[in-house]
Number of protein chains: 4
Amino acid sequence: MNSKLLLLTAFIGCLFLLSFRGDKKKKIIFFGDSITQMGVNKGGYIDLIKQDLVNKGVADNYEIIGAGIGGNKIYDLFLRMDKDVLEQHPDIVYIWVGVNDVWHKSSMGTGTDYDKFGKFYEAVVKKMQAQGISVILVTPAAIGERNDFSNEQDGDLNLYSNWIRKYAADNSLGLVDLRKSFHEYSVANNPKNNDWGILTNDRVHLNAKGNAFVAAEMWKAIK
Amino acid sequence: MNSKLLLLTAFIGCLFLLSFRGDKKKKIIFFGDSITQMGVNKGGYIDLIKQDLVNKGVADNYEIIGAGIGGNKIYDLFLRMDKDVLEQHPDIVYIWVGVNDVWHKSSMGTGTDYDKFGKFYEAVVKKMQAQGISVILVTPAAIGERNDFSNEQDGDLNLYSNWIRKYAADNSLGLVDLRKSFHEYSVANNPKNNDWGILTNDRVHLNAKGNAFVAAEMWKAIK
Amino acid sequence: MNSKLLLLTAFIGCLFLLSFRGDKKKKIIFFGDSITQMGVNKGGYIDLIKQDLVNKGVADNYEIIGAGIGGNKIYDLFLRMDKDVLEQHPDIVYIWVGVNDVWHKSSMGTGTDYDKFGKFYEAVVKKMQAQGISVILVTPAAIGERNDFSNEQDGDLNLYSNWIRKYAADNSLGLVDLRKSFHEYSVANNPKNNDWGILTNDRVHLNAKGNAFVAAEMWKAIK
Amino acid sequence: MNSKLLLLTAFIGCLFLLSFRGDKKKKIIFFGDSITQMGVNKGGYIDLIKQDLVNKGVADNYEIIGAGIGGNKIYDLFLRMDKDVLEQHPDIVYIWVGVNDVWHKSSMGTGTDYDKFGKFYEAVVKKMQAQGISVILVTPAAIGERNDFSNEQDGDLNLYSNWIRKYAADNSLGLVDLRKSFHEYSVANNPKNNDWGILTNDRVHLNAKGNAFVAAEMWKAIK
């Protein structure tokens, strides 16, 4: 085989590989806690994203996976990321965590120290990036929907969200700032300053409006 | 003694009693936690109020007492109010409490339930009012001075302060809203969003500026 | 009426009053938390005590009342004792509290400080005694049934129970030491060192055996 | 070179290597929290071990390192083990942790879940073993020295110590059961059931007797 023929073969091979890449489904994992665990249920935010892709006729281009486990904190994600994320070889991972890191301080005595939250969060991101995954950070939305910052964990949720925002900015990562958008939504749509019933049905987990809201916010980040 | 003479005697007696009341020093008790306990120290907010009365030449008209004990929550005030307040027969009592009710949730596991906070607070106020004391409520100022509601206990401090504000309004009681004024002061004077060093020296206890600030705010309420 | 007749009348009157007292039902209140609240249900420990009195044909001699409210700590009992106990004019009151004082430290951040537990406990007892009520103290039985003191709250339950034991001894009060008897029962009947299923069905609330056990232990204290 | 000569050379080389190994100091790291951090101070348990080696004339055989940091929990050890242990290439590592995992539940709201304690503990041990390190486990000694299991954290300390004991047994690891030996020492030497002052000077950190006691217990495990 002469060198010209070799070159041509290589060229065609490359085209083939490229076309193969082009055909390859984009694999997206939502990595999180109970909110994400419930997101795969019918009407859940992940289910809504899938339905939307079907409606748009692009469902074949994506593989959407929910990897949420109830009660998870950032170090739970760290402990199970190898199996539940890295071995799945996703293209994109949304990391949505923080509610339990803050909440479990008062409900179980086992919340996550602010500085450890950052350390484990960074370890999770770096390990994903080392595998070439595109990482999108999501701030914890709410524990209580009152809009005057009088929900018990508001201070901590703001603090931990500030860390996530800064980390995303410093490292040019995608960010879905649900903490901010939930607050703004409540300011606009919760005139009685209720504790729940706006985007959640129990102060934390999403109701129908909440799932639609989150599905839309999430998808904006990759469009 | 005819009835006219009787009336005259009664009238003179009333005048005498009124003049006696007029001569009587006004007794004011600041009832609270460690912040108030430190308030009686040289340069503390209670000490500054006393100095101010001396400077104005009206020190003889007032008796100013600090009744603060470190770590006190509302039910500590309830338990010691008979001895430390009622038996002192004050004219005016400032109730400044709430920091430990919120803080001890995470630092000791023994904070005060929101609903019990209200129950004990009301019991304290009602018992003082039954003795004819004029009660002035004070909201808990701060645990951390960041001004974007990202201090860990901000949510709870806002919630418990909301209760105090509503109770003061519903019952036409005096209110010194330090929670509000500290926040506004930090928004105006804490451009780096520091955790402490603005009006406190440790996130909670007053520095020199804080003591002057509180002394002024407190005194406004009875002027 | 001569003096002899007067004396006789008085004597008969006394007999009548005594007989009236003798006829009077003995009123017993069980004052406590969710365990007592569930105790009035069919098969609950209070229900079993009532059934037992019926079986023995002495039901007419007693009025048995359950006054338990879920989640109650010692200061909840203090806050509602006037209405739920004193106004009922019982002869005997069992005070069974402590589980939530300890448990809520980690589950809500609002447990009861050890020293405040004693202060409110004493206030409750003294106010009942001032009304002539016979008070019987009951130690908190269990949060978890492992018998090697490896249940999370064992240390605190032992500490708070020690206080109750000492207070009962110092003041010659009746004591039902369920903490001690539950532990001994578990040592004898829980060879696998299980967390629940011996006398409780969830580490805290009584199963059928637990209700029978408590009913018997309680009744011993007044026989 | 004939085969006999080759064999001889190899034999001499082996002897040389063996003698080299024999000359090599045994490197021992104590890996832990504030108790270990203070252990390197004059009179601390690590300092006492070093002095003892000097007195016995074998100080040259050992390199003793303290790697304790105040407030550390098991996942802090996990996060810093690469730098503070693995890169030091020790022969033996004592892992002494657990007090803060339990204590921080009530003092900071950020204790370690029981199941995560095991997961991180195992991760630490496995990573050390993968490098050929000999690991010795140490149970958390005490938070409070009362000997009737009435110290607030006794239940959890017993539970977490049970995990360590079982893990050591299941994996044939060395164990220094300070939890057990401290309790036995208090039963024998603390007749007044004091909270501190027996082997600690503040319920947790070692006094002079405590340092001597721990130094002796630790060293037993490698003799």
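The values are calculated or read from the model by the stated rules, or taken from the named source; none is laboratory data. Everything quoted here is computed from the prediction, not taken from an experiment. As a convention, Cβ positions derive from the backbone with ideal geometry for all residues, glycine included, and neighbour counts pool all protein chains shown. Just so you know, the surface numbers come from the protein's heavy atoms only, side chains and all, with ligands and any DNA or RNA stripped out. Shrake-Rupley method; radii C 1.70, N 1.55, O 1.52, S 1.80 Å.
The helix-based estimate of mean residue ellipticity at 222 nm for chain D, built from -39,500 (n - 2.57) per DSSP H run of four or more residues and divided by its residue count, is -16500 deg cm²/dmol to the nearest 500. In nm², what is the average projected area of the convex hull enclosing the Cα atoms of region B:40-149? Reported value for the Cα convex hull: 8.6 nm². Scanning residues 5 or more positions from C:Tyr62 or on other chains, those with amide H under 5 Å from its amide H are C:Lys26, with H placed 1.01 Å from N in the peptide plane. A cut-off of 5 Å between modelled amide H atoms, ignoring neighbours fewer than 5 places along the same chain, links A:Leu175 with A:Leu137.
To the nearest ten degrees, helix D:154-170 and the longest principal axis of the Cα atoms of chain D are 20 degrees apart. Length gained on full extension, D:Ile69 to D:Ser134, computed as 0.36 nm times the residue gap minus the Cα-Cα distance: 21.3 nm.
Within 10 Å of the Cβ of each residue in D:71-79, the mean number of Cβ atoms contributed by other protein chains is 3.
Simple rule: put +1 on each Lys or Arg Cβ and -1 on each Asp or Glu Cβ in region B:34-103, find the dipole, and look at B:Ile49, B:Val85, B:Ile65; the Cα lying farthest toward the positive end is B:Ile49.
GNM on chain B, alpha-carbon springs under 10 angstrom: the most fluctuating residue among B:Ser34, B:Ser106, B:Ser181 is B:Ser106. Each listed q (0.22 Å⁻¹) maps to a log10 I(q)/I(0) for region C:108-219, found by the Debye formula over equal Cα scatterers with no solvent: -1.23.
Note that region B:35-91 shows a convex hull volume over its alpha carbon atoms of 81 Å³ per residue. Computed about its Cα centre, the charge dipole of region D:30-72 is approximately 100 debye, with only Lys, Arg, Asp and Glu carrying charge at their Cβ.
With its label point put 7 Å out from Cα toward Cβ, D:Asn207 sits 4.0, 4.5, 6.0 nm from the same residue's point in the other copies, in order from shortest. Legend: mean number of C-beta atoms from other chains within 10 angstrom of residue C-beta atoms, peptide A:117-126, equals 1.
Residues C:Ser107, C:Ser134, C:Ser150, A:Ser172, ordered by accessible area of protein heavy atoms at a 1.4 angstrom probe radius and largest first, appear as A:Ser172, C:Ser134, C:Ser107, C:Ser150. About the centre of its Cα atoms, the protein assembly as shown shows a dipole size close to 40 debye [charges on the beta carbon of Lys, Arg (+1) and Asp, Glu (-1) only; nearest 20 debye]. A 1.4 Å probe, protein heavy atoms only, puts the accessible area of A:Met38 near 90 Å². Considering every Cα-Cα pair within chain B, what fraction, in whole percent, is farther apart than 21 Å? Pairs farther apart than 21 Å: 57 percent. Of the residues B:His183, A:His89, the one with the largest accessible area comes first in the ranking A:His89, B:His183, computed with a 1.4 Å probe on protein heavy atoms. Note that region A:100-188 presents 33 Å² accessible area per residue, ligands and nucleic acids not counted, probe 1.4 Å. For chain B, the longest principal axis of the C-alpha atoms and the axis of helix B:114-130 are separated by about 20°.
Measuring how big the protein assembly as shown is from its alpha-carbon positions, Rg and Dmax come out at 34.5, 149 Å. Between 0 and 90 degrees, rounded to the nearest ten: what's the tilt of helix A:74-84 against the longest Cα principal axis of chain A? The answer is roughly 30 degrees.
Sorted from nearest, the other copies put their C:Asp148 label points 2.3, 5.0, 5.3 nm away, the label point being 7 Å from Cα in the direction of Cβ.
Given springs between every Cα pair under 10 Å in a Gaussian network model of chain C, which of C:Asp170, C:Asp202, C:Asp154 has the largest fluctuation? Ranking C:Asp170, C:Asp202, C:Asp154 by mean-square fluctuation puts C:Asp170 first. A Cβ-based charge dipole, computed about the Cα centre of region B:136-184 with Lys and Arg at +1 and Asp and Glu at -1, lands at about 200 debye. Peptide A:97-107 has a mean of 3 when you count, residue by residue, the C-beta atoms of other protein chains within 10 Å of its C-beta. Between copies, the label points of C:Gly70, set 7 Å from Cα on the Cα→Cβ line, lie 1.7, 4.0, 4.4 nm apart, reported in increasing order to one decimal in nanometres. The heavy atoms of A:Val176 offer some 0 square angstrom of accessible surface to a 1.4 angstrom probe. Given their separation in residues at 0.36 nm each and the Cα-Cα distance between them, D:Tyr167 and D:Lys27 gain 48.0 nm when the chain is fully extended. Checking the cross-link pairs D:Lys42/D:Lys220; B:Lys105/B:Lys180; B:Lys166/C:Lys83; C:Lys209/D:Lys192 against a 29 Å limit on the alpha carbon distance flags C:Lys209/D:Lys192 as lying beyond it.
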